[in-house]
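The values are calculated or read from the model by the stated rules, or taken from the named source; none is laboratory data. Source: prediction; values computed, not measured. Glycine gets a Cβ as well: all are built from the backbone with ideal geometry, and neighbour counts include every protein chain shown. All accessible areas refer to the heavy atoms of the entire protein, side chains included, with ligands and DNA or RNA removed. Shrake-Rupley method; radii C 1.70, N 1.55, O 1.52, S 1.80 Å.
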Amino acid sequence: MHWSTFAFLIAGVVLRPSEAQDALPVTVLNCCEGDIVIVLDASSSVAAYEFTHMVHFLTDLFRPFMLGKGHVRVGLLQVGTEPQLAFDLDTHTSQGGLSWAIRNTQQLQGDTNTAAALRLAQVMLGVSLGAEQREGPPKVLLWLTDGVETGPIDEPMAELRQAGVAVLAVSTGSGNYQVFRRLVTPPVEEHLHFVDVDDFGIITEDLRNAIIEIIHAERLQVRDVTSRSAVLQWRPVLTAGTGTYELSYAPSVDGLTPGRPTWGPGTGTGTSTSTSWGQYVRQTLPGDYSTVELTSLRPGTNYTVSLKPESNQQLHKTLRVTFNTLPDVPKVLSPTTVSISEVGPDHLRVSWGPQQPSWVRRYQVEYAVLPVGEVQTVTFRGHENSTLLTRLQPNSIYLVTVSALHFTGQERAMSVKACTHEVLPPLEDLHLKPMGRDSAQVEWRSRAEIVQGYWVSWDGARPSPSRSPSSSSSLYLPSDSGSTVLTNLAPYSRVCVSPVYRTARGQGLCCTHTHSETWQ
C-alpha cells in the first residue's frame, strides 16, 4: 500500500486573530450621507496664490467625512472657458485619495464660464429641468469663487434649488452680496460666506456644520454583530442637558415589530419583560450618547430596534433598524479534517470539513513542493469544501494547508502531506519472432532508465504434466532485460509484457504467437 494515496497530518490547529483596523470617531463613521459637487473657480481672475489657498481649504473642509456609497460622495468641477471635471462622485472612497486629488488640482485659467459648469453640475447631481427633488440622499452644490464676473447663472442656480439641491457659496472677493444672497438656499447666514483667502480657517467649521446639517443621516447603524451582541450608532441630536434617548429592542415576529408589553417595576435606567417571542428591553440613555452595545441577545435571531430622542426643546423622529444576530458559535470550528483523493501524476483533490457556511467567511488553500517549493494560493467561498489542484509536479511530496477565516475574526488552519504519482510511460514496442512450432523470442523496448523490471505473461501453453491447456504463466525479468525466449507455446498464445515502476505496474503491450508471423 503506497503512502502517496493517503494524507498525513503534520500540523495542528492554528488560531490567529484578524488584523485590527484603525478606529475612527463615531461622528466620522455615522455622520452623513449625501452627494456634494464642488464648483471651483479656476479662471484667470483667480490669482495662483488664491487658488492654492482654495484647494487647501477644501481639503480641510472634507477631511472628517466617511466617503463612498452610503456615506458622502464628493465630485469636483473647475470653472474656466469650458468646465473641466476633475473627478466624479464615485471616484474617491478614501480620505487619502480625495485629499491628494484636491491638493493636486491644476488651475485651468481662461474665462469665468460659471453657467457652463453649473449645467454640468446638474448632470452630475441628476437634476432635470423643472424636476422636483428625486428620492435618494441629499444633494449639495458648493460654489467657491472670487466673485468676479460670475456671468448669467441665475437660471441654472434656480433649477438646482427647484430640484432640491442645497446651494452654498464662498466668495473670496467683493462680489455683490444681494446677488449671492439670491443664489444660495436659506438660511443665508449659514450658506453664504465672504472671506479673505488667508482667513479660510475662520469659516471652515461653520461651513462644515452647515453641510452636515443638510446631509446628516438620521438613521441607526448596526455594526460588530455577533451571535449575542451588536453595537448601535447614530448621529447625536441631543446633549447631556437637552434630553435623553429611549431605546427599546426585541426579537421580531415574522418580520413584524413586536407590540409594547405591560411594564413591571424596573430599576436604574433599564427594564426588560419576557414575551412569547423573547425578551423586550427598554433603556433610557443620556443625551450625550451616540453609541451603545446590545448584549445578551439570542443567536440567529432577527431584532427590531427603535431609538426615540426625548427633548422639551425640539421634536425628533424615532429611528428604527432591524438586524440579524449570527448563529451560535459552533464548539468546533472548521476545518477539522483535510483529506486527499484522486491522486495522479499532475493533480490531486483536497477536501475539508465540516461545512460551516454560516460561520466561515472564506477558505484558503496553500500548497507547495517540499522542502522549498514556491507556495501557491487559492481562495474559496465559505460554502465550498473541495478543490482539484492541477499542474502539479509528478512524483513529488506536497504540503497542503487549508485555513478558514471565520466571521468572528478567528482563523483555523490544518496541514497535510500528499504525494503525486510518478509518470508511468507505457511499453514502447513489442515483437514476437517465431523459433519453431512452439517457441518464440519476445523483444521489447521501453524507457529503461526508470523501469524497475518487467512482467512477461502468456496463456494457451501446450499441455504438460504440470500445466493444463487453459492455464497461464508469468515471468519477472530485471530492468536490463530487453528480450526472452518462451517455449512450449500453444498456437495463438497471447503474450504480454508490462513495465514495472517504483510505485505501480505500467501499461503493457500484447502480441499473439502464430507459426509463420507475429502481429500486434
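What to note about this one:
- Members of the stretch 341-366 found to be in a strand (DSSP E or B) and either touching a His at 6+ places or on another chain (Cβ under 8 Å) or under 30 Å from Thr244 (Cα atoms) (or both), listed by number: Val360, Arg361
- Residue that is most open to solvent (accessible area, probe 1.4 Å), among those in the stretch 210-248 that are under 25 Å from Leu168 (Cα atoms) and acidic (Asp, Glu): Glu213
- Test: residue in the stretch 169-186 that is under 43 Å from the mean Cα position of the chain (by Cα) and without any contact (Cβ under 8 Å) to a residue 12 or more places away in the chain: yes
- Restricting attention to the stretch 367-386 and to residues that are in a strand (DSSP E or B) and under 29 Å from Ser227 (Cβ atoms), the residue that is modelled with the lowest pLDDT turns out to be Arg381.
- Among the residues of the stretch 305-340, those identified as at pLDDT 85 or above and either touching a helix residue (DSSP H, G or I) at 6+ places or on another chain (Cβ under 6 Å) or over 20 Å from Leu247 (Cβ atoms) (or both) are Pro335, Thr336, Thr337, Val338, Ser339, Ile340.
- The lone exception for Gly278 - which of (1) modelled with pLDDT of 85 or more; (2) open to solvent by less than 50 Å² (accessible area, probe 1.4 Å) it fails: (1)
- Helices (runs of 4 or more DSSP H) contained entirely in the stretch 176-224, each with at least 2 residues that are of a type outside the set (Ser, Thr, Tyr) and at pLDDT below 90: 177-183, 200-215
- Looking across the stretch 286-341, just one residue is at positive phi and either within 27 Å of the chain's Cα centre (by Cα) or open to solvent by less than 20 Å² (accessible area, probe 1.4 Å) (or both), and that is Gly300.
- Count of the stretch 249-264 residues which are open to solvent by 10 Å² or more (accessible area, probe 1.4 Å) and at pLDDT 80 or above: 2
- When we screen Val338, Val292, Val321 for residues that are part of a strand (DSSP E or B) and under 30 Å from Val402 (Cα atoms), the only hit is Val338.
- Hits in the stretch 455-479 - residues which are modelled with pLDDT of 85 or more and either open to solvent by 50 Å² or more (accessible area, probe 1.4 Å) or farther than 13 Å from Cys510 by Cα (or both): Trp455, Ser473, Ser474, Leu475, Tyr476, Leu477, Pro478, Ser479
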